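Accompanying notes for the structure given below.
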Amino acid sequence: MTVAAPDTLSTETRAALAAPGKLLIGGDWVDAEGGTFATHDPATGGVLAEVARGGRGEVDAAVGAAKEALGRADWAGMTPADRGAVLWRIADLIEAEADVLSEIEVLDQGKTYATARRGELPGAIAQFRYYAGFATKIHGTTIRPSIAYQPQGRQVRAHTLREPIGVVAAIVPWNSPLLMAAMKLAPALAAGCTLVLKPAEQTPLTALMLGRLLERAGLPPGVVNIVTGFGHEAGAALAAHEDVAKVAFTGSTATGRALLDAARGNLKKLTLELGGKSPALVLADADLDLAVPGLMRGIFANSGQVCVAGARVYVDRKIAGAFTDRLAAEADRLRLGHGLDPASDLGPLIGPDHAAKVAAYVEAGKRAGAEAVAGGRLAGEGPAFYRPTVLTGVRPEMALMREEIFGPVTAVTPFDDIDEALALANDTEYGLATSVWTESLSAATRASESLRAGTVWVNCHSYFSPELPKGGHGISGWGYENGAPGLENYLETKTVCLSV
Ligand code: NAI
Ligand code: MG
């Protein structure tokens with residue numbers, strides 16, 4: 001049992017936890033009419049801090065502030081270079097505060113310090129630097145149309161303008177809170193939009209710290225507003241708001257569907273980064289010294305609470321025994337504990353209810369004939385810990401093979417040839433990501449062309465960088481984040497026709 005005592009926390013972290021949890025609206029930090037709610041450390045179950053419970057009234061005020069800032073001279077009139085400079089300063093400030101932000105993220109979310117500090121903080125910083133460069137590279141095109149237009153001998157010339165889409169609602173989940181917020185804020189700000197950010201109720205703390213950094217970076221008031229609160233209150237009010245032009249969402253497929261309904265009124269645009277049931281294909285010629293550790297990270301990082309986690313592993317029958325033994329042995333070696341304890345390989349799940357949900361999938365699988373060759377049980381370390389689990393003897397129709405578990409659970413299935421492997425991998429409504437492990441260029445090429453997914457990794461899994469478009473096919477989502485397509489989400493095109 002290795003749960004860190006609070007007296008090991010840095011002074012800065014303690015100050016951040018003690019700061020009253022207010023909402024950032026129009027440049028002011030304000031209380032919510034609905035009072036506050038508690039956010040917990042999932043490793044201990046203890047209360048970390050009280051944050052404001054934003055509701056409809058606060059959402060109205062925040063959207064109003066964002067709408068007002070959208071056309072205001074200090075934002076709309078800022079030069080692209082200055083806008084890029086603000087984004088770059090945000091990155092610098094996050095970098096300067098990365099240790100404290102990581103510590104807060106670990107406390108609020110449960111992940112290990114290494115995951116936060118070495119993976120997600122650099123990712124968030126990179127988002128702002130990448131899109132900082134885009135601020136000066138947003139421009140339309142000039143077009144010569146083909147359709148003749150000759151009243152009084154005149155012709156048409158045309159060009160396009162690129163304009164910010166308007167007020168954006170960024171609704172983010174609890175698995176990688178700061179990184180998810182950065183993935184939405186950076187391109188939206190580069191495009192000149194204004195936003196209301198709603199962090200997940202389980203993990204509001206780094207968003208509030210980010211709010212302070214945005215102010216210090218010189219972002220004008222009202223450009224980013226932050227409303228903490230629950231999904232069915234603040235989230236639902238934001239998603240249905242008539243003055244929100246676009247919702248950028250990451251979370252569950254169920255909530256994604258609810259957002260479609262909420263968007264009906266003003267037909268707001270949506271990008272939806274939803275769940276997954278991502279397969280990994282290990283071919284007979286795979287380098288297991290690469291594949292086993294690569295998949296260990298791809299499956300179990302962040303305790304499996306990753307949208308692209310390798311939830312289904314298909315292995316050539318010729319190596320299935322050796323591969324499964326190695327994976328199970330590695331899984332059994334992982335040490336669970338508080339994310340701030342450097343000895344911990346994995347932290348808890350986001351909460352006891354979620355741990356119970358993960359356990360229920362595994363128990364149902366076992367009753368139907370699956371075998372846990374590693375894990376398969378809640379761990380004693382705290383209310384929300386679950387042992388990293390490797391299942392065999394699964395069948396495609398089991399719920400654990402079809403639905404997103406979002407925990408440290410994977411299932412290994414042998415296959416006899418690559419056609420069978422590709423068919424099994426594609427046997428899902430999801431289509432977020434896949435990985436293929438092979439030394440064969442032709443097998444990798446064939447698999448990458450046949451797999452239905454937004455990302456195919458070859459000999460790696462869960463690799464992200466802001467340059468690489470990321471999105472879901474099927475019920476994994478709508479649209480793409482990152483790269484140039486990620487910027488397009490936040491821009492409208494206006495065509496100007498000139499009769500000359
Ligand atoms: P969720 O999708 O309900 O929550 C994500 C965000 O949406 C949070 O900020 C939440 O407050 C907000 N939200 C919830 N209901 C809303 C509504 N009606 N209108 C507007 N905003 C709303 O996910 P939840 O319930 O926390 O997790 C359930 C499952 O979803 C997980 O077990 C996992 O399978 C999946 N999930 C997937 C994620 C991914 O990265 N793909 C991230 C988080 C959860
Ligand atoms: Mg929390």
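The values are calculated or read from the model by the stated rules, or taken from the named source; none is laboratory data. Since this is a predicted model, take the numbers as computed values, not measurements. Cβ atoms come from the backbone with ideal geometry, glycine included; neighbour counts cover every protein chain shown. To get the accessible areas, we keep the full protein, side chains included, count just its heavy atoms, and leave off ligands, DNA and RNA. Shrake-Rupley method; radii C 1.70, N 1.55, O 1.52, S 1.80 Å.
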Item checked: Extension gain, THR136 back to ARG264 (0.36 nm per residue minus Cα-Cα distance, nm) -> 42.7 nm
Check: Can you list the chymotrypsin sites (Phe, Trp or Tyr not before Pro) in region 123-161 that are in a DSSP coil and have 12 or fewer other beta carbons within 10 angstrom?
Finding: TYR149
Margin query: Checking the cross-link filter: which lysines have an alpha carbon closer than 28 Å to that of LYS366, excluding same-chain neighbours under 8 positions apart?
Written below: LYS111, LYS277, LYS318, LYS357
Next item on the list: Find how much the distance from ALA399 to GLU50 grows on full extension, using 0.36 nm per residue of separation minus their present alpha carbon separation; answer in nm with one decimal.
Entry: 122.0 nm
Next item on the list: Beyond 18 Å, what share of the Cα-Cα pairs of region 1-147 is found? Please give it as a whole percent.
Entry: 71
Checklist line | Kirkwood Rh in Å, taken over all unlike Cα pairs in region 377-471 | finding: 15.3
Notebook entry, point to check: At a Förster distance of 25 Å, what's the computed FRET efficiency of GLU492 paired with ARG154, Cβ-Cβ distance as r, to 0.05?
Noted result: 0.35
Margin query: Can you compute the FRET efficiency between GLU371 and ARG335 using 1/(1 + (r/R0)^6), with r the Cβ-Cβ distance and R0 = 22 Å? Round to the nearest 0.05.
Written below: 0.40
Check: Given the chain, what percent of its DSSP beta bridges are antiparallel, to the nearest 5?
Finding: 45
Check: the chain: D in µm²/s via Stokes-Einstein (Kirkwood Rh, Cα pairs, 4 °C, 1.567 mPa s)?
Finding: 55
Next item on the list: Set the Förster radius R0 to 22 Å, insert the Cβ-Cβ distance between ALA114 and ALA38 as r into 1/(1 + (r/R0)^6), and round the FRET efficiency to 0.05.
Entry: 0.25
Item checked: Percent carbon-and-sulfur accessible area, the chain, ignoring ligands, DNA and RNA, probe 1.4 Å -> 55
Item checked: Highest to lowest packing among 487-495, 105-113, scored as the average C-beta count within 10 Å -> 105-113, 487-495
Note to self: Need the list of lysines near LYS67 for cross-linking: C-alpha distance under 21 angstrom, and skip anything on the same chain fewer than eight residues off.
What the structure shows: LYS22, LYS184, LYS198, LYS246, LYS268, LYS269, LYS494
Next item on the list: Mind checking region 221-290 for trypsin sites (Lys or Arg not before Pro) that DSSP puts in a loop (not H, G, I, E or B) and that have at most 15 other Cβ atoms within 10 Å?
Entry: ARG264
Next item on the list: With everything on Cα atoms, drop me the angle between helix 253-262 and the longest principal axis of the chain, reported from 0 to 90° to the nearest 10.
Entry: 20
Checklist line | Value in Å of the Kirkwood radius, where region 257-346 supplies the Cα pairs that are averaged | finding: 15.7
Item checked: Å² per residue, accessible surface of the chain at 1.4 Å -> 40
Notebook entry, point to check: Ranked by accessible surface with a 1.4 Å probe, highest first, in what order do LYS357, LYS22 come?
Noted result: LYS357, LYS22
Note to self: Compute the helix-to-body angle for 177-190: its Cα long axis versus the longest principal axis of the chain, expressed 0 to 90° and rounded to tens.
What the structure shows: 30
Checklist line | Of the trypsin sites (Lys or Arg not before Pro) in region 129-173, those whose Cβ has at most 11 other Cβ within 10 Å and which sit in DSSP loop | finding: ARG154
Next item on the list: Of all alpha-carbon pairs in region 105-246, indicate the percentage at a distance above 26 angstrom.
Entry: 37
Next item on the list: Treating only the Cβ atoms of Lys and Arg (+1) and Asp and Glu (-1) as charged, compute the dipole magnitude of the chain about its Cα centre; round to the nearest 20 debye.
Entry: 1300
